[in-house]
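Report on the following structure.
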Amino acid sequence: MNRQEKKEQRERNEREWAAREASLGFYSVTVPAPPHPHTAVGVVAGYRRESPTQAVVSMQEEARELGADGVLGVSIIAVGTTTSLYIAYGTAVRWAQSE
């Protein structure tokens, strides 16, 4: 691996770790419904990203802008023909207020 390739790999790794850090504390799950009451806010989709983790973080950012507490039914798809990019989507939800 030459110097440029090492630099690009290091930058990809740094973006991946930054995406994981940004994702902490936000509920995202592949199951369609959590064990507690919630209200659907709407369908959210993130922007095309170079890794599945970055795609999920992009989706979470969209959900946060809607005031959601989490995203249910998360799916990740790969798009593109020459290089893979990923898009994540799901249903943004707000948790019901406990009484």
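Can you pull the one-decimal nm distance between simple spin-label points at E61 and R10, each 7 Å off the Cα toward Cβ?
Label at E61, label at R10, 2.4 nm between them.
How far is it, in nm, from the label point at I77 to the one at M1 when both lie 7 Å from their Cα along the line to the Cβ?
3.2 nm
Once you list every other residue whose beta carbon is under 12 Å from the beta carbon of A92, what net charge do they have if Lys and Arg are +1 and Asp and Glu are -1? Intermediate values should be presented prior to the final figure.
Working: positive: R64, R94; negative: E61, E62, E65, D69.
Local net charge: -2.
Bear in mind that the values in this text are calculations on the coordinates, not laboratory data. Note that the structure is a prediction, hence the values are computed from the model and not measured. In this analysis, Cβ positions are derived from the backbone assuming ideal geometry, glycine residues included, and neighbour counts consider all displayed protein chains.
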